[in-house]
1. Could you identify the single residue in Ala168, Ala163, Ala153 that is surrounded by fewer than 16 Cβ atoms within 10 Å (Cβ to Cβ), farther than 22 Å from Phe65 by Cβ, touching a residue at least 12 places away in the same chain (Cβ under 8 Å) and of a type outside the set (Phe, Trp, Tyr)?
2. Do we find that Leu223 is surrounded by fewer than 17 Cβ atoms within 10 Å (Cβ to Cβ) and at negative phi in this structure?
3. Among the numbered conditions (1) touching a residue at least 60 places away in the same chain (Cβ under 8 Å); (2) surrounded by 15 or more Cβ atoms within 10 Å (Cβ to Cβ), tell me where Ser195 comes up short.
4. Quick one: in the range 1-35, which of the residues that are closer than 20 Å to Leu223 by Cα and part of a loop (DSSP other than H, G, I, E, B) is modelled with the highest pLDDT?
5. Given the criterion of a type in the set (Val, Ile, Thr), in a helix (DSSP H, G or I), within 14 Å of Asn149 (Cα to Cα) and modelled with pLDDT of 90 or more, identify the matching residue among Val83, Val72.
6. Would you mind finding the one in Ser29, Ser75, Ser33 that is of a type outside the set (Lys, Arg), within 23 Å of the chain's Cα centre (by Cα) and either more than 30 Å from Phe136 (Cα to Cα) or surrounded by 13 or more Cβ atoms within 10 Å (Cβ to Cβ) (or both)?
7. How many residues does the range 227-249 contain that are farther than 16 Å from Phe65 by Cα and either modelled with pLDDT under 75 or of a type in the set (Val, Ile, Thr) (or both)?
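The values are calculated or read from the model by the stated rules, or taken from the named source; none is laboratory data. These numbers were taken from a predicted model, which means no experiment stands behind them. Cβ placement follows ideal geometry from the backbone for every residue including glycine, while neighbour counts extend to all protein chains displayed.
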Amino acid sequence: MKGGRGARIIVLLLFAYLLLPFLLTGLYSIAQSWNTTVLPEGLTLRHYAQLLTDMRFWRALWRTFGISAAAVALSALIMTPLVYGVAAFAPRLERTMRALTLVPFALPGVITAASLARAYAGKGIPLVALLCGAYFVLIMPLMYNGILNALRAIDIASITDAAHILGASTISAFLRVIVPGIMPGILVSTLLSFSTLFGEFVIVNMLVGGNYETIQIYLALALSKTGHLSSAIVMIYMFLMSLFCFGLILLTGRGSKINEEDLPKDD
């Protein structure tokens, strides 16, 4: 009992420590003035009203959602069959793939953005497409490791062999058995990748800047005006990401479990 109570106290203290910055940011976003007093000198929703009625803010927000969702979807569509193929049929390549996926972690965002801008400048490639490609490379380690860990949680070799015995092709087994079985892992990788892209600033600022204003650029400009407005932007971002995370958690909880009935039977 004492050990359990101590563990609960530690968890509560850790939760309070992690939650305190968000509470203070939220309080600052609705403060009229908070410079010389312990508590705000007054409360107002003026900053939220200013944001919610600003079409420039909504355009920046939807651009960020669009480019991030496109990069994550492209990564999931490419990385899922690629990781499955390597894990199931070419395990010797896993070490090489892991080394390749670690490259984005080794390169700072400034170097990546500068190299891409120099390599593809004047080639007729739209900046948005270049940004999507840069995002794809940036989240490759997250997608690769998340999908690989999900595949390792199930016996993909036995499942694939069982599907072949029942008359299913490799593609059919992959789409109808493997993908549903690792869907929770794919969703978690998608969540981590989307959160990373939504908060990324260096690459988007150096590649597109004001030519394609995203929420990161909008937030950087708001910081130069007033901290209250930028705090309101952060709180709206946290609210939207919480909704997104909650939706993915619901989907993950409904992830399919692999059993014999899941194995496809081709006529």
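1. Of Ala168, Ala163, Ala153, the one residue that is surrounded by fewer than 16 Cβ atoms within 10 Å (Cβ to Cβ), farther than 22 Å from Phe65 by Cβ, touching a residue at least 12 places away in the same chain (Cβ under 8 Å) and of a type outside the set (Phe, Trp, Tyr) is Ala153.
2. yes
3. Of everything listed in (1) touching a residue at least 60 places away in the same chain (Cβ under 8 Å); (2) surrounded by 15 or more Cβ atoms within 10 Å (Cβ to Cβ), Ser195 misses just condition (1).
4. The residue in question is Ile30.
5. Selected residue: Val83, the only one of Val83, Val72 that is of a type in the set (Val, Ile, Thr), in a helix (DSSP H, G or I), within 14 Å of Asn149 (Cα to Cα) and modelled with pLDDT of 90 or more.
6. Going through Ser29, Ser75, Ser33 in turn, the sole match is Ser75.
7. Residues that pass the stated criteria total 1.
The rows are residues; the columns are (1) in contact with a helix residue (DSSP H, G or I) (Cβ under 7 Å, 6 or more places away or on another chain); (2) more than 14 Å from Leu51 (Cβ to Cβ); (3) among the aromatic types (Phe, Trp, Tyr).
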| position | (1), (2), (3) |
| --- | --- |
| Leu197 | yes, yes, no |
| Ile203 | yes, yes, no |
| Ile215 | yes, no, no |
| Thr226 | no, no, no |
